[in-house]
Amino acid sequence: MYRSRQHKIIAGVCGGIADRYGMSPTVVRVLFLLSCLLPGPQFVAYIIMWVLFPKAPASASPGYDYSYERR
């Protein structure tokens, strides 16, 4: 599990979750915001994931153009 380099607004956590499960980053963000209406530690969980999950390697980012490496 990685934080997204492409689909990030704050830390890339929602974008990383979306990349991992093949979802739209916007859908994951909306679901996270809706979950914040419920009682619970959503913001704490987000901060923990921000700290624990590394950024995605540049070569593993979705949409990375591998053709430059072949030259």
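Readers should treat all values here as calculations from the given coordinates under stated rules, not as data from a laboratory. Just so we're clear, the structure is a prediction, and the values are computed from it rather than from any experiment. Cβ atoms come from the backbone with ideal geometry, glycine included; neighbour counts cover every protein chain shown.
Descriptive notes on the structure:
- The local environment of Ile17, defined by Cβ-Cβ distances under 12 Å, has a net charge of +3 under the rule Lys, Arg +1 and Asp, Glu -1.
- Remark: the Leu52-Leu38 segment gains 2.6 nm on full extension, using 0.36 nm per residue and subtracting the alpha carbon distance.
- Annotation: amide H of Lys55 within the under-5 Å range of Arg3, sequence separation 5 or more or interchain, hydrogens built in the peptide plane.
- Net length available on complete extension from Thr26 to Met1 is 7.2 nm, with 0.36 nm assigned per residue and the Cα-Cα distance removed.
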